[in-house]
Amino acid sequence: MRVGVFKFSSCDGCQLAFFDVLEELLKSREIQIEFFLEAQSINRFDTFDVSFVEGSVSTEEEEERIRQIRESSRYLVSIGACAVSGGIQSIRNFLDFETLKNEVYNYVDLHNSLPTSRPISDYVKVNYEVRGCPINAFELVEIVTSIILNKSLTVNLNPVCVECKAKGNICILVLGSPCLGPITASGCGALCPSFKRGCYGCFGPLRGSNFEGLKQIFKERGWDFQESILSSFNSYNKNFRDEVWKLGS
Amino acid sequence: MFYIIDVKGLESIYGSLKETFHVISPTLKDGILLYSEDVDFNSLPFGYTQMEGPSFYQLLQSSGRYFTYLRPSNTLKYFLRSPNMKLLTVKRSNGELSFEYHINHRKLAFFDVRRCDLKALQTLDNVYLNDRFPDPYYRSLRENMFLVGVDCQTASDVCFCHCMGVYLEDSYGADIFITELDGRFLVTALSKKGVELVEKLHIKKASVEDIQKAKEKREGLLSTFKKYLDTKDLKENLYRNIEHPYWEEIGKRCLSCTNCTQVCPTCFCFDIKEVNSIELDLSERVVSWDSCFNQTFATVHKFNIRDTITSRYRQWLMHKMAYWQDQFGEFGCVGCGRCITWCPAKIDIQVETAKLREL
C-alpha cells in the first residue's frame, strides 16, 4: 500500500501523530511510505493508494497542489482541524481580508495568501476526514487497517458527551462550565472535560447537532457562545459555517 | 430475619463484605456522589444530603444521621455492563484461529443500593436474563453478586419512584436491607447469603418495636415526594399523542447529548464493534454503550430512520413510558430522576410525560 503524507497551511502537529504510531504502522508489511517530507529524505511523487493531507488551502500554489494530489490518489484522507475545517487561520474568512493584511504585515506585496483559508473538501473530493487539533493518532492506525482489510470506515457521528460519560465523568455543563461537547464530534476521549475543563470544540462541529439549543443554554447562563465558536479552529467547518455567519450578523 | 446494630455493626458488615467481594459503594468524587470500588468505610458519605433539580446538583453536609444522601449519580449498569467491554478475542496463528471469551467472574458487592436502583436491576434482569436469550456476561456477574439495600430518608426534587412501581417494601435482589433508626440500624436479612453474613457477626435480633419503627420511617418517606406522575392508562394516552406537535417543542431544546440515556439505570442499548490489529492476526469484539440519541443508532443502509432530534427524543420517552410496557409488561423508567438532574437543557421527563398525556 503506497502512502503519501502531505502538508498545507498548518502547524505540522498532526503529521507528528504519525511518529507516535509509526512503529505500529510499520508492523504491517504492506505499507510503503512513498512521500512524507517531514519524516524522510527520499520522496517520490507518483501515485498513492492513500494520501493523508494536513493543513488548509490558503494560497494559489496550494489550490493547484491539492488537485495534483487528488488526481494521484485512490483515497484522500484529510487530517486535523485545518484540513477538515480551515483551521485557526480561517477566522480571517469572517473578517475583512484587506484590513487584516495591512494590520498584520509590513510588506503586503510579499504576501500571497488567498482571502480565505478553506478546508480540503472545498476543493476536491475527500474520502474520509480525521477530526481534531491535533488528531488522535490511533485513528490513523484504524484507517490504514481498514483499507488493508477493505473494511468500510464508520463516520463518527457521536458527540463528545458519549465518550465523556463512558469515562465515568459527570456533566460539567450542568455543574457550570461552558462546554461545546454536545455539538462537537467525539474521538478525543473527552480529554478536556475529564480534567473539568469545558470542551472548546477542537474536533469540530457534529453534523445534525443542536447548535441553536446550546446557544440558548449559553445565553441563559451568561456565557459568550459567539466567542467560543468564532475563536475555534473549526468555525469555517461546512457543518455549521452558515450558523456561524448568522452569529456575527 | 431482623437484627439491630449500631454504626460499629455497620462497619463490621462492610468489613466482612470486603473479605469476599469487590465492594462498590457511594463516595464523594469532586463534589459528586458516585459509586466507586475500594471505598474505605470512613469515606462513605454519611450525613450528606443532595439537592437536585433540573440541570442542578449540590451536595450539603447536614445531619448527625447517616444514610441521608440519595442514590449516586452513576448506576449499577456501569459495573455490570461497563461502557466499553471486551466480549471476545480471536487470534490467528499458523493459519489456526483461537477464540477467547472474556466472561467476568469477579464477585461484586454493592453496599447501599436504594429501592429505585433495585427496581432498575430487576428491569435489567428482565432484559438480560430472560429465558430465550440470557446474556452469559451479565449472568456471571449477577450470580456472584451481593446486594445491600438501604432505605431513603427523604426524596429529592427530582425523585418520583413512588409513581413508577417502586413500593415501600420492594427489595428485589437485596441480600440484606438496612433501615436507619435513631442512631441504630435495622438489618433485614432477605436471602440465604444475607442470613449467613449477618449470623457470622453475632449481632442482636431486633425487637418488634424496632421493626415497627422502621415501618413508620418508611411510611414517612412518602410525604417528602414533590413530584407525581399519573401512570394510569399512561401508555394509551401517550400513543394517542404520538403525532402531537408538542414533541417538536422538546426537540428544539434537546441537545441529543445522550446524558439521559447514560445516567439512566435501565437504558441498555449497545453497539458492537470489531477492532482488528494492523498485522491482521488479532480481532477483538467490543460492546459499547450506545444511545437512541446517537445519529447512527437508527441508521439502516446509510439511511437514518430517526434523523431529527425530535424523533429521537420521542423514541426515548415512548420507549421508557409506553413501548417498554409492550415489550416487558412494565415501565422502563423507575423514577430515579437522574436524567432530570443531568440534562443540560433542563428537560424533565416527569413534566414532559405528564404534559404529553394530558394534551
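The values are calculated or read from the model by the stated rules, or taken from the named source; none is laboratory data. What you see is a predicted model; the values in this text were computed from it and never measured. Virtual Cβ from ideal backbone geometry, glycine too; neighbours counted across all protein chains shown.
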Only one of A:N106, A:N127 is away from chain B (no Cβ under 14 Å), without any contact (Cβ under 8 Å) to a residue 12 or more places away in the chain and either touching a Phe, Trp or Tyr at 6+ places or on another chain (Cβ under 9 Å) or not aliphatic (A, V, I, L, M) (or both). Can you tell me which?
A:N106
Among the numbered criteria (1) over 22 Å from B:Q325 (Cβ atoms); (2) in contact with a helix residue (DSSP H, G or I) (Cβ under 6 Å, 6 or more places away or on another chain); (3) at pLDDT 95 or above, which one does B:L168 miss?
(3)
Give just the number: which of (1) crowded, with 20+ Cβ neighbours inside 10 Å; (2) within 30 Å of B:D233 (Cβ to Cβ) does B:L129 not satisfy?
(1)
Within region B:255-276, track down each residue that is within 7 Å of chain A (Cβ to nearest Cβ) and of a type outside the set (V, I, T).
B:L255, B:S256, B:C257, B:N259, B:Q262, B:N276
Just wondering, is there one or more residues in region A:157-165 that are charged (D, E, K, R) and within 30 Å of B:F303 (Cα to Cα)?
yes
Unmet requirement for B:S55, which otherwise passes all of (1) surrounded by 18 or more Cβ atoms within 10 Å (Cβ to Cβ); (2) under 20 Å from A:C171 (Cβ atoms); (3) touching a strand residue (DSSP E or B) at 6+ places or on another chain (Cβ under 8 Å)
(3)
Elements of type helices (runs of 4 or more DSSP H) in region A:194-249, at least 3 residues being in contact with a Leu (Cβ under 7 Å, 6 or more places away or on another chain):
A:225-230
Between residues in region B:299-315 that are hydrophobic (A, V, I, L, M, F, W, C) and residues that are modelled with pLDDT of 90 or more, which pairs lie under 7 Å by C-beta distance while being six or more apart or on different chains?
B:I305/B:A298; B:I309/A:N210; B:I309/B:G251; B:I309/B:C254; B:I309/B:S256
Quick check on my filter: what residues within region A:130-151 are facing another protein chain (nearest Cβ under 10 Å), under 24 Å from B:N304 (Cα atoms) and among the polar types (S, T, N, Q)?
A:S146
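Working only within region B:239-259, note down all residues that are part of a helix (DSSP H, G or I) and more than 29 Å from A:L173 (Cβ to Cβ). Break it down into steps so the answer makes sense when it comes.
To start, the set of residues in region B:239-259 that are part of a helix (DSSP H, G or I) comprises B:239-240, B:246-253, B:259.
Hits for region B:239-259 are B:Y239, B:R240.
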Residues of region A:186-198 classified as surrounded by 17 or more Cβ atoms within 10 Å (Cβ to Cβ) and within 11 Å of chain B (Cβ to nearest Cβ), total:
1
Can you work out which of the residues in region A:155-180 that are facing another protein chain (nearest Cβ under 7 Å) and either touching a helix residue (DSSP H, G or I) at 6+ places or on another chain (Cβ under 6 Å) or assigned to a loop (DSSP other than H, G, I, E, B) (or both) is nearest to B:G31 (Cα to Cα)?
A:I170
Given the conditions (1) part of a loop (DSSP other than H, G, I, E, B); (2) under 23 Å from B:R115 (Cβ atoms), and given that B:I211 satisfies all but one, which numbered condition is not satisfied?
(1)
What's the total number of residues in region B:1-21 that are surrounded by 14 or more Cβ atoms within 10 Å (Cβ to Cβ) and of a type outside the set (V, I, T)?
11
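Listed residues A:E24, A:E34, A:E71; which is without any contact (Cβ under 8 Å) to a residue 40 or more places away in the chain, out of contact with any Gly (no Cβ under 6 Å at 6 or more places or on another chain) and among the acidic types (D, E)? Quick ask: steps written out before the conclusion?
Details: A:E24 fails: without any contact (Cβ under 8 Å) to a residue 40 or more places away in the chain; A:E34 fails: out of contact with any Gly (no Cβ under 6 Å at 6 or more places or on another chain).
Of A:E24, A:E34, A:E71, the one residue that is without any contact (Cβ under 8 Å) to a residue 40 or more places away in the chain, out of contact with any Gly (no Cβ under 6 Å at 6 or more places or on another chain) and among the acidic types (D, E) is A:E71.
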When both residues are 6+ apart or on different chains and their Cβ atoms are under 7 Å apart, which pairs have a first residue that lies in region B:28-44 and is in contact (Cβ under 8 Å) with a residue 60 or more places away in the chain and within 14 Å of chain A (Cβ to nearest Cβ), and a second that is surrounded by 20 or more Cβ atoms within 10 Å (Cβ to Cβ) and assigned to a strand (DSSP E or B)?
B:Y35/B:I24; B:Y35/B:S25; B:Y35/B:P26
Any idea which of (1) touching a residue at least 24 places away in the same chain (Cβ under 8 Å); (2) in a loop (DSSP other than H, G, I, E, B); (3) at negative phi; (4) among the aliphatic types (A, V, I, L, M) is the one B:V287 doesn't satisfy?
(2)
For region B:8-24, state whether one or more residues are modelled with pLDDT under 95 and part of a strand (DSSP E or B).
no
Cβ-Cβ distance below 8 Å, separation of 6 or more or different chains: which pairs start in region B:121-143 with a residue that is free of Cβ contacts under 8 Å to residues at least 24 places away in the same chain and end on one that is surrounded by 16 or more Cβ atoms within 10 Å (Cβ to Cβ) and in a helix (DSSP H, G or I)?
B:L129/B:Y138; B:L129/B:R142; B:P134/B:Y128; B:D135/B:Y128; B:R139/B:Y128
So, B:G332, is that one among the small types (G, A, S) and touching a strand residue (DSSP E or B) at 6+ places or on another chain (Cβ under 9 Å) or not?
no
Tally time: how many residues in region A:2-38 are over 17 Å from A:I135 (Cα atoms), within 11 Å of chain B (Cβ to nearest Cβ) and not basic (K, R)?
5
Counted residues, region B:183-211 - those being within 12 Å of B:S16 (Cα to Cα) and in contact with a helix residue (DSSP H, G or I) (Cβ under 8 Å, 6 or more places away or on another chain):
4
In this structure, does B:N241 turn out to be assigned by TED's automatic domain parsing to the domain that holds B:D307, in contact with a Cys (Cβ under 6 Å, 6 or more places away or on another chain), of a type in the set (S, T, N, Q) and touching a residue at least 40 places away in the same chain (Cβ under 8 Å)?
no
As an exercise: evaluate B:T75 against (1) crowded, with 22+ Cβ neighbours inside 10 Å; (2) more than 14 Å from chain A (Cβ to nearest Cβ) and give the number of the one condition it does not meet.
(2)
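How many residues, within region A:168-185, are among the small types (G, A, S) and surrounded by 22 or more Cβ atoms within 10 Å (Cβ to Cβ)?
Going through region A:168-185 one residue at a time, the tally reaches 2.
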Let me confirm something: among A:S121, A:S146, A:S90, A:S85, which residue is among the hydroxyl-bearing types (S, T, Y), without any contact (Cβ under 8 Å) to a residue 24 or more places away in the chain and surrounded by 15 or more Cβ atoms within 10 Å (Cβ to Cβ)?
A:S146
Filter result for the condition that a residue is touching a Cys at 6+ places or on another chain (Cβ under 9 Å), of a type in the set (G, A, S), assigned by TED's automatic domain parsing to the domain that holds A:A137 and surrounded by 19 or more Cβ atoms within 10 Å (Cβ to Cβ), over A:S73, A:S51, A:S56, A:S78:
A:S56
